[in-house]
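Chemist: Before I ask anything, let me first share the structure, which is written out below as structure tokens.
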Amino acid sequence: MSQLGTPMVDPAVERRANRMMMVILAVICALLALRAVVGSSVGSGDAAVTEHGFGMVYVQEAKKGFVAEQSKEKAADGTEVEVRRWKPAAPGQTPEIAWTEWNEVTAGEWAAAQRAQAAAPASAPVVTVSWPRTAGVWFAALMTLAVLSFLWRDNPVYKLAESVVVGVSAGYWMIVATWDTLVPKLAGALVPAWTKAHLMPSLESAGVDWWGLVPLGLGMLLLCRLSARVSWLGIFPLAFVVGTFAGLRFVQNVESDLVAQVATMFEPLVVVKHQALAGADAAVAAPIDWAGSIGASLSAVLILVGVLSVLAYFFFSLEHKGALGRTAKVGVWYLMITFGASFGFTVMGRIALLAARFEFLFDDWLWLIDPSGKH
Amino acid sequence: MAVVLASLVGLVMVLTAFVRPLEFLGTAVVDWFNVLAAIAFVLGGANLLKMNLMKISARDAGWGYAAITVGAFLVTIGVGLLKVGAHPDPLHPDVALSGDKEAVGGAFWWLYEYAMSPITSTLFALLAFYVASAAFRAFRAKNTAAILLLGTAFIVLLGRVYVGVLLTSWIPADNAWVSWLRLENLSGIIMGVFNNAGTRAMMIGIAIGIAATSLKILVGLDRSYLGSGD
Amino acid sequence: MSTAPQPSFLARLDRIDRRWIFLMMAIAVAAPIIWVGVTGRTFPETATPAVQGAFDAIERLPEGSKVLVSFDFDPASAGELQPMATGFIHHCQLRKHRIYAMTLWAPGSPLIGATLADVIGNDPSYRYGENFVDLGYQAGNEGVMKQVGVDFPKAFPNDSKGTPLARIPMMQGITRLSDFDILISVSAGYPGGKEWVQYGVSPTLTQGHRLPFVAGSTGVQTPQMIPYYPVQMSGILGAIKGAAEYESLVNAKATAPGETVPAKYQEAQRRMAPQLFGHSLMVALILVGNVIFFAGRRKGAAA
Amino acid sequence: MTFAVTILAQDAAPAAGSMPGWFMPGKGLLAITLVIVAAAVMLSILWARSGRPIRIRKIAGLDAVDEAVGRATEMGRPVLFIPGIQDVDNIQTVAGITILGKVAKTAAEYDAEIEVPTTRSLVMTTAREAVHAAYMTAGRSDSYNPDRIYYVSDEQFAFVAYAGGLMQRKRPAACFYFGCFFAESLILAENGNSIGAIQVAGTAETTQLPFFVASCDYTLIGEEFFAASAYLSGEPDQLGTLLGQDLVKGVAWAAVLVAAVLATAAALTGHAGLAAFVDGARAALGGG
């Protein structure tokens, strides 16, 4: 990442930048080392367990077992049918299917469990360090730093994070679209029996819905775009998409952004406010609140002037001369104030996001702060 | 052909907004569109794969990163489709794939929680730094317009945090003639009056613009989405 | 002003490596986080009209009202929007509303589960399928909004766990968007609050009656939403500040005076401290930048 | 006027409306507005097609396109064009692609390399066709290289990360951002600045305009962006559209003024009928 003003090639600047980076890295490493030896005692009171380290995640095991039981139920047509329903296995019952789930617990709970184990071994459910999730926190922290390193300059570590996220996110979108939309709406429509048997056991469907072939067909044409020879076929789903949205937007934009916005201008430019007094007939009896009235009227006028002048700026078939030119100039001022406000709000948002990342580093990873009592 | 299709579905969408008997048609078209949108994600993924594989096979510069991308992509697809580490739905423990794909503790969840989230959100956070350098470099009071933009940004920035309250706390809050001068109130006025008016006018203009462009697609005048002009 | 060393100093300052500015920003944001994390102190908040409007819109609904919450954001914006989502769910829980959670952003669906688990946890009065449901993600953006307005079960055939809506008690009687009592969208961009106004809640789409709509919005989006308030929207939470104000409103309702507020309901308020220093730094940067600019220009004029 | 009043009456009280049963109640005014918009646009397009001249006010920034591409050629550096980060279902993307066609044509004439990363596979294919067409019209289809127009990722920040890295690596001399942009606008513009590229932007995303205004050499604000495609092409259809939009805008302008005047009059005079009309109108228009 080269800075502005000075050319990237300036060796002095680059040396300074590298030195700066080295210093920052050194500081980070020093802090890490310090953090690792300054013992982080986990848990509170006499349950406290001192263990050197941080960025750990602890889990508690939760055993799940299920048994199937046959039962007769009335089908839709009233006939008795034999159905097999799965129920959680009762204590002592040997489950036909069983697995263990691991639920996250705070370090405090882990410390307490450690003490309990020491006192009376093999009683409570196991509470232990979750190495996959601990590794996850560390991976996330390192990736966070890797991305931040882009501020220094584009570098391999950053490119690594970049290429990882490109792959993962593309895959993520594909998977979510598949499971949440394609399976229920496409597979569920065209091959309901198979879908119910293997993918969505609780799917309820009234047989094959042949209309599902339409999006499937369009989708196949869309996939034709992958191959150069038949890619022209992809024009049809494209036209479908563009057409649908052109129709939607033509109506909805006019309704909510043109008609409804004009409607909001049905506001009197002269507003008379009365001082709020206690008592039932206050509104009648109350003297006029001049400051309030003038303020309200003024803002009403200013809004009207603003809307009209900014609209004038967006006239394209007329040269901006004379009255129109002057009005348009006022419009530009309004636009600039609008942009200034927008800038302020955006800055606020960006800083909040940065704060969130630092909170992750300090809280989940380094355990420097603990606002929500996780460790 | 394609143009006809576009106009047809477009007009259907317009009509269904007004003609009750046609409402079902509108929902059908939208339903197809939604499924198509999902298929488009698959196309997107396949495209990414194709692109990076070509990069790798051609040993382009940085093909190693392409390999990482492909790896990450394939791993995500794999664990996502097979719901690795996600337990089945307790009502149907016998159906392996009946579980929640994003179940906490699963591999897919891990990738989301520890790879996708931190990287994307940190990329977002980078903007705080860029916005700072932009303010130092780009925000110069060159002319009236710039002064207005700058002054507004000042008032909003200060008025939305506690320092604004402190700076103008000397202005009596109960005197309506002057209390509007307090920074927090001033920023409120800017938002409610000036920003309101400016944004509303832009909104109206943009709505008309979008309506016109949509209309041209509906009647087949605008075919730029087909690429070549004809 | 026009003494010999100063312009050169300013000139040097003008050519400062932007990475120093980055470093300043990092410190301005990081230091207060540590400070707040250690002391746990936050600034007082007074609600602005738009935030109060959002609070009232949810407050005035009778107990057990049907609230559709759309989590239209991803982890990238969670720093700003998660406190809002948490606040909305927390408020609905206090008012004992029925919560229907959905998202139009694929990366948003895990956030639904996380938020519901975080706020509702194992509150015995909230049973899945009766008091709250996670409908997950559907592809199609405005397509889904439009469809939801006409035929909800067609847009969301099942919840995130694959259970058909027919098997979910609280979904009985939900045929279209207008069957809900209020719509809440926490949105980071497209599709989000703006699209909900256009394709969701406008009266002609909701059988004439105006569906109350409340939006939590990123700082970037907020100015764009203002013209919709108060007619097309009942309230807006603008950026982290709006979230902090809303948090304080909800917490004031949730906790008796003197009682300590759970840390998870103060996320936004905690974040106002880094905001303060960040904003101050920005103002300082703009000032310095312009001092340099004008000094340079005066020098140019003199020469 | 009387017509409008009857419509208002019907919309205010749909039940009493004489609208046919198949017509959804409360949508009369919307329908009429749509007809007005459509009529204005179509008629002005016909007007333009009949060869009558349409003056377009100068849009600063569009002349910059040629200059920027030319500079890129001199410096032997590529031209970067980003058609927003939304899909082809977004009108802004479509407008961006239209402008891409023009930029590509200029690039083809100057023989400058043009690079177009996209966030959607559909945008990629559409852009390829647009650029290919441009190169053919410039008679240089031989030097058209589809591999320089490619899909990166649907994920916004994966894309901006790639684009940022790309700018640092390839150092394009001219960057064009025409389309629907969100948070990435600042990073793109910042990176463009840091490599000293000429930057021209155009978007209808009001939230992103401040950044483009602040850090780009030229910015097309909101509808100026849509006007740009017309300005660049000089096609009668597009010019006509522009005229049509101005007509509608004129109507809206007058409507806003009338609305305010009527409301004020109603408030000052306290005339019951007037007040009723104002409220009816606001309600029928969806103004609450």
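The values are calculated or read from the model by the stated rules, or taken from the named source; none is laboratory data. All values reported here derive from a predicted model rather than from experimental measurement. Backbone-built Cβ (ideal geometry, glycine too); neighbour counts: all protein chains shown. Surface accessibility is based on the protein's heavy atoms, side chains included, excluding ligands, DNA and RNA. Shrake-Rupley method; radii C 1.70, N 1.55, O 1.52, S 1.80 Å.
Chemist: At 18 Å minimum axial length over the Cα atoms and a Kyte-Doolittle cut of -0.5, report the qualifying DSSP H helices in chain C, or say none.
Modeler: C:18-39, C:75-94, C:239-254, C:267-302
Chemist: Moving on. If I model a spin label as a point 7 Å beyond the Cα along the Cα-Cβ vector, how far apart are those points for C:Ala254 and C:Lys299 in nm?
Modeler: 5.5 nm
Chemist: Would you kindly calculate the mean projected area, averaged across all directions, of the convex hull enclosing the Cα atoms of the range B:139-230, in square nanometres?
Modeler: Directional mean of the projected Cα hull area for the range B:139-230 stands at 10.1 nm².
Chemist: With a 1.4 Å probe on protein heavy atoms only, tell me which residues of the range C:218-239 lose at least 50 Å² of accessible surface in the complex relative to the chain by itself.
Modeler: C:Val220, C:Pro223, C:Gln224, C:Ile226, C:Pro227, C:Val231, C:Gln232
Chemist: Return a single number: how many Lys pairs in the range A:27-153, at a sequence separation of 8 or more or on separate chains, have alpha-carbon atoms below 20 angstrom apart.
Modeler: 4
Chemist: Rounded, prolate or oblate for the range A:189-260? Axes are the square roots of the Cα gyration tensor eigenvalues, ordered a ≥ b ≥ c, and the cut-off for rounded is a/c under 1.5.
Modeler: Because a/c hits 1.5 or more and a/b fails to exceed b/c, the range A:189-260 counts as oblate.
Chemist: Here is a follow-up. Taking the Cα atoms only, what angle lies between the long axis of helix B:196-218 and the longest principal axis of chain B, rounded to 10 degrees?
Modeler: 30 degrees
Chemist: Further, regarding this structure: In nm, to one decimal, how far is the A:Asn103 label point from the B:Val84 one, both placed 7 Å along Cα→Cβ?
Modeler: Rounded to a tenth, the inter-label distance reads 2.7 nm.
Chemist: Give me the angle, in degrees from 0 to 90, between the Cα long axis of helix A:11-37 and the longest principal axis of the Cα atoms of chain A, rounded to the nearest 10.
Modeler: Helix A:11-37 and the main axis of chain A meet at about 40 degrees.
Chemist: Over the range B:125-230, what is the mean sequence separation of C-alpha contacts under 8 Å (at least six apart), divided by residue count, expressed as relative contact order in percent?
Modeler: Value for the range B:125-230: 15 percent.
Chemist: Using a Förster distance of 22 angstrom, determine the FRET efficiency expected from the C-beta separation of D:Ala39 and A:Lys329, and round it to 0.05.
Modeler: 0.10
Chemist: Okay, which of the range B:76-108 sit inside 14 Å, backbone N to the point 7 Å along the Cα-Cβ direction of C:Arg167?
Modeler: B:88-100
Chemist: Continuing with the same structure: What do you get for the angle between helix D:223-233 and the principal long axis of chain D? Use alpha-carbon atoms, 0 to 90 degrees, nearest ten.
Modeler: Roughly 60 degrees between the two axes.
Chemist: While we're looking at this one, here's another question. For the interface of chains B and A, what total accessible area is buried with a 1.4 Å probe, rounded to the nearest 100 Å²?
Modeler: 10800 Å²
Chemist: So if R0 is 56 Å, what FRET efficiency would A:Asn155 and D:Trp22 give, r being the distance between their Cβ atoms, rounded to the nearest 0.05?
Modeler: 0.30
Chemist: For chain A, what does the relative contact order come out to in percent, with C-alpha contacts under 8 Å and a separation of six or more?
Modeler: 12 percent
Chemist: State the antiparallel share, in %, of DSSP beta bridges confined to chain D, rounding to the nearest 5.
Modeler: Of the beta bridges lying entirely in chain D, close to 0 percent run antiparallel.
Chemist: Using Cα pairs under 8 angstrom and six or more residues apart, how large is the relative contact order of chain B, in percent?
Modeler: 14 percent
Chemist: Where in the range A:124-146 does the label zone of A:Val27 land, with the point 7 angstrom along Cα→C-beta and an amide N cut-off under 17 Å?
Modeler: A:145-146
Chemist: Over the Cα atoms of chain C, what is the Rg over Rh ratio if Rh follows Kirkwood?
Modeler: 1.09
Chemist: Counting helices only, and only those DSSP H runs with n ≥ 4, report the 222 nm mean residue ellipticity of chain C as the sum of -39,500 (n - 2.57) divided by its residues, in deg cm²/dmol to the nearest 500.
Modeler: Helices in chain C give a 222 nm mean residue ellipticity of -15500 deg cm²/dmol.
Chemist: Also: What value, in deg cm²/dmol to 500, does the helix sum -39500 (n - 2.57) over DSSP H runs of n ≥ 4 give at 222 nm once divided by the residues of chain A?
Modeler: -16500 deg cm²/dmol
Chemist: Evaluate the distance, in nm, between pseudo-label points positioned 7 Å from the Cα of A:Val301 and of D:Ala60 along their respective Cα→Cβ axes.
Modeler: It works out to 3.0 nm between the two label points.
Chemist: Suppose R0 equals 22 Å; then what is the FRET efficiency for A:Leu34 and C:Val38 from their Cβ-Cβ distance, rounded to the nearest 0.05?
Modeler: Working from the Cβ atoms, E equals 0.85.
Chemist: Can you send over the solvent-accessible area of C:Glu267, 1.4 Å probe, protein chains only, in Å² to the nearest 10?
Modeler: 40 Å²
Chemist: Determine the calculated [θ] at 222 nm for chain D from helices alone, applying -39500 (n - 2.57) to every DSSP H run no shorter than 4 residues and normalising by the residue count; nearest 500 deg cm²/dmol.
Modeler: Result for chain D: -20000 deg cm²/dmol, rounded to the nearest 500.
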